[in-house]
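Remarks on the structure that follows.
The values are calculated or read from the model by the stated rules, or taken from the named source; none is laboratory data. Quantities reported herein were computed from a predicted structural model and do not represent experimental measurements. For neighbour counting, all protein chains shown are included, and Cβ atoms are generated from backbone atoms with ideal geometry for every residue, glycine included. Heavy atoms of the whole protein, side chains included, go into the accessibility calculation; ligands, DNA and RNA do not. Shrake-Rupley method; radii C 1.70, N 1.55, O 1.52, S 1.80 Å.
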Amino acid sequence: MSASVLLHDKQFIPFLSSRQIAEKVNELAMVISRDYRWQKPLFIAILNGAFVFAADLFRSLSLEAEITFIKLASYQGMTSSGKPVTAIGLEEVVSGRHVILVEDILDTGRTLYEFIPRLQEQQPASLRTVALLRKPGALQYPVQLDYYGFDIDDRFVVGYGMDYKGLGRNIPEILALQTEPGY
Ligand code: IMP
Ligand code: MG
């Protein structure tokens, strides 16, 4: 496990080691491989944060599967519900496919809450979600994950694909923002 790291103006301290992450990713891959044995699922990973998790998870699967990557863009004020989210880069046909959405972390839940209905419109045969991390204390939208790795406290984390203002994605483990002494 590495020492603490300074990114821009903030200090981050070790939180989850590469080994802990790898073990969890393997467990998730085993469960998903078992559940989707007959289904040749389509993984849709949400960029940027999920790229490392998605790559490791995908390589650990023991089944036939496809993967694609999307970016989400939201537009203000197009419907009464606020900000519909559209996917950039989704060229695969989703209709009739068994889809697994891959996220790095479920925080407020807003991203998935807004995007899942858009994907449902394309009538996948099934739709499930997987994220490496969940922050139960931060959840503000009614979103449930079908698979997840770790529940963590409501702390800001970086590494393993996740960033603080663009930095930290290449750190192989997960670090958490150091809280100020006295907090
Ligand atoms: P949500 O829409 O609030 O659930 O947040 C989802 C997105 O915010 C995640 O996919 C991440 O990209 C980003 N995010 C949330 N929490 C963190 C964090 O602690 N570190 C880095 N990125 C985060
Ligand atoms: Mg993300």
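Yes/no matrix, rows are residues, columns are (1) open to solvent by less than 10 Å² (accessible area, probe 1.4 Å); (2) at negative phi:
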site: S2; (1), (2): no, yes
site: V5; (1), (2): no, yes
site: I13; (1), (2): no, yes
site: L16; (1), (2): no, yes
site: K24; (1), (2): no, yes
site: L28; (1), (2): no, yes
site: I32; (1), (2): yes, yes
site: K40; (1), (2): no, no
site: A50; (1), (2): yes, yes
Going through the stretch 1-54 one residue at a time, which ones are among the small types (G, A, S) and outside any helix (DSSP H, G or I)?
-> S2, A3, S4, S17, A45, G49, A50
Test result for G166, open to solvent by 40 Å² or more (accessible area, probe 1.4 Å) and either of a type outside the set (A, V, I, L, M) or touching a strand residue (DSSP E or B) at 6+ places or on another chain (Cβ under 7 Å) (or both) = yes
Whichever residue in the stretch 91-119 is open to solvent by 40 Å² or more (accessible area, probe 1.4 Å), under 12 Å from I44 (Cα atoms) and in a loop (DSSP other than H, G, I, E, B) and, among such residues, is farthest from ligand 2 (Cβ to nearest atom) = V93
Here are some conditions: (1) in a strand (DSSP E or B); (2) farther than 21 Å from F58 by Cα; (3) without any contact (Cβ under 8 Å) to a residue 60 or more places away in the chain. T129 meets all but one. Which one does it not meet?
-> (2)
